[in-house]
Amino acid sequence: MTRRTIKVDYLARVEGEGALHARIADGAVEHVELNIFEPPRYFEALLRGRDFREAPDITARICGICPVAYQMSAVHAMEAACGVSLPPSLRALRRLLYCGEWIQSHVLHAFMLHAPDFLGCDSVVEMARTNAPLVQQALRMKKAGNAIIAAVGGREVHPINVKVGGFYRAPRREEIAGLRDEVAWGRDATAEALAWAATLPYPDFERDYQFVALRAADEYPMNAGRIVSSRGLDIDTLAYEQTFAESHEPQSTALHSRLIADGSAYLVGPLARYALNFDRLPPAVQAAARAAGLGPVCRNPYRSLLVRLVEVLFAFGEALHLIEAYEPPPQPSVAVEPREGSGCWATEAPRGLLYHRYAIGADGLIREAKIVPPTSQNQPSIEDDLRGVLAANLALDDDALRHRCEVTIRNYDPCISCATHFLTLTLDRDTGAEAPP
C-alpha cells in the first residue's frame, strides 16, 4: 500500500487557530479534516439574561468584518419576536447599510486575500509592489463602503446607530447625499476591476454544490427572503431548525451544519446567492457578469472572486439608487415593547446565510439565543472541496499541493480566508517499502 499523509498543523487567521489533515492511500483520498481548534466563544450563553435591546451591539462583536450582518439578523429576529415590522423608509436605510458592508467585506477578500493567489504573490504587500495602482484602487473602493457604514451606522467598525425598531438617529439628507460621488466612482471602478479579474488564471475545478440562500420576491436578497436551495428546498425562516442541524465534530470546536433530511452538505455565500438569484440582478450587472465569463450559475469555487466582484458592482449600484432616493424618515425608529415569545430571522452576510433565534420573556430579558453563522454551514463543504482538490492534484509536489489547499480554503470567506493565509504543511509519504538498514 502506498500511503501519504498531509498534515497542516496551524491555519493562521481562522479566528486564530485551525489545521488540515488528510490521509491518502493507493492514490485515493481516505480522510480529510478541517480542524478548527479556536476555543469556543459562548456568545449565545453571554446573551442570556441580557436585555433584548442589547443583542445587536453584543452580537456585532462576533465579527469585525461583518458586524452589520450580525446586527441585521439580531434586530429582525427581535422585531419578529415582538410582532413589529418597519416602514419602507427604515427598511431602505438598513439595506443601504448592508450595501456598505458587502462592499468593504467583499473588496477586502477579493483583493487583499484572494487575488494574490492568482498573481503569484505571497500577500497583498507583495502585490502592492507589483500592482500598486490596482491595490490603491481597491483600497479606495473599500473606503467607499466604509463611508456608507459610517454615515448610516455611526462608525465604520461595529456600528452604534442600529437599534431594535430602526436607528437611534436618522442621517440628514446632506450626510447621505455626500456619499454619492464616491459611490458612483466605486461602481465604475468595480466594473473595470471585474474585467481585469476575468483575465486571472483560475484552476479548472467544479463541484455540483447544493446551493442555499435567501430569495426575495423582487430584489437581490440582503435582509429578507425565503430560504431556497438549488435542489428544490423552499421554506420560511421559521422552518430553519427543522431543516438544518448542527453537530459537534471531534476535530473542530466550530459546529458543522448539514441538512437533516439526508445529512448532506450545502454551500452558502456568494456562489449560492448568485446562482439562486441571478434573475434578481439588474440587467447591467447581469451583462457585466456575462462579459466576465460567468453564466447564471458558477460551480468553480476559485471563480468566486469574480462573483464577489459582481456583488460589489450590484451593491454600489443599489447604494447609489438608495442614496439618490433618500428622504429622512419621519421617525428614526418605531416603538418596540417586549413580549414573551420567540423570533427568528436570516439575512445574507457577505459570506452567506446568517440565522438568529431568540426567546425573550415579558420583562424583555433574553432566555435563549441561537446563532448559526455561515462558517458553520460551509465547513462540511470546505472539506468536500479539499477532498476533491486533493484527489485531482496528487501529482503535485508538496509545496504546490499545500498552496492549492490554501487557495481552496481561501475561496470561501474572510473569516476562513484570513485563517488560511499561512499554512505549515507536513507531508509524510509511505510507499510501503522497508526503510534501508
Check residue 250 against each of (1) open to solvent by 30 Å² or more (accessible area, probe 1.4 Å); (2) in contact (Cβ under 8 Å) with a residue 60 or more places away in the chain; (3) over 24 Å from residue 188 (Cβ atoms); (4) outside any helix (DSSP H, G or I) and name the one condition it does not meet. (2)
Expected single match for modelled with pLDDT of 95 or more, within 30 Å of residue 85 (Cβ to Cβ) and not in a loop (DSSP other than H, G, I, E, B) among 160, 227 is 227
Collect the residues in segment 319-340 that are outside any loop (DSSP other than H, G, I, E, B), within 15 Å of residue 174 (Cα to Cα) and over 27 Å from the mean Cα position of the chain (by Cα), keeping them in residue-number order. 324
Members of segment 119-155 found to be open to solvent by 50 Å² or more (accessible area, probe 1.4 Å) and in contact (Cβ under 8 Å) with a residue 40 or more places away in the chain, listed by number: 119, 140
Among what's in segment 345-394 and is under 15 Å from the mean Cα position of the chain (by Cα) and hydrophobic (A, V, I, L, M, F, W, C), pick the residue that is nearest to residue 264 (Cα to Cα). 382
Among the residues of segment 150-167, how many are of a type in the set (A, V, I, L, M) and out of contact with any Lys or Arg (no Cβ under 9 Å at 6 or more places or on another chain)? 4
Subset of segment 187-205 (residues that are polar (S, T, N, Q) and touching a residue at least 24 places away in the same chain (Cβ under 8 Å)): 190
Would a scan of segment 35-53 turn up a residue that is outside any helix (DSSP H, G or I), open to solvent by less than 30 Å² (accessible area, probe 1.4 Å) and in contact with a strand residue (DSSP E or B) (Cβ under 6 Å, 6 or more places away or on another chain)? yes
Using beta carbons and a limit of 6 Å, which pairs, at least six apart or on different chains, have the first residue in segment 284-306 and within 16 Å of residue 208 (Cβ to Cβ) and the second one open to solvent by 30 Å² or more (accessible area, probe 1.4 Å) and of a type in the set (Asp, Glu)? 299/206; 300/206
Which is part of a helix (DSSP H, G or I), closer than 29 Å to residue 90 by Cβ and of a type in the set (Phe, Trp, Tyr), of 185, 196? 185
For segment 161-215, how many residues meet the condition of being open to solvent by less than 10 Å² (accessible area, probe 1.4 Å), hydrophobic (A, V, I, L, M, F, W, C) and within 21 Å of residue 351 (Cβ to Cβ)? 8
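The values are calculated or read from the model by the stated rules, or taken from the named source; none is laboratory data. Every value quoted in this text rests on a predicted model; they were computed, and no experiment measured them. Backbone-built Cβ (ideal geometry, glycine too); neighbour counts: all protein chains shown. Accessible surface is based on the protein model in full, side chains and every heavy atom, while ligands, DNA and RNA are left aside. Shrake-Rupley method; radii C 1.70, N 1.55, O 1.52, S 1.80 Å.
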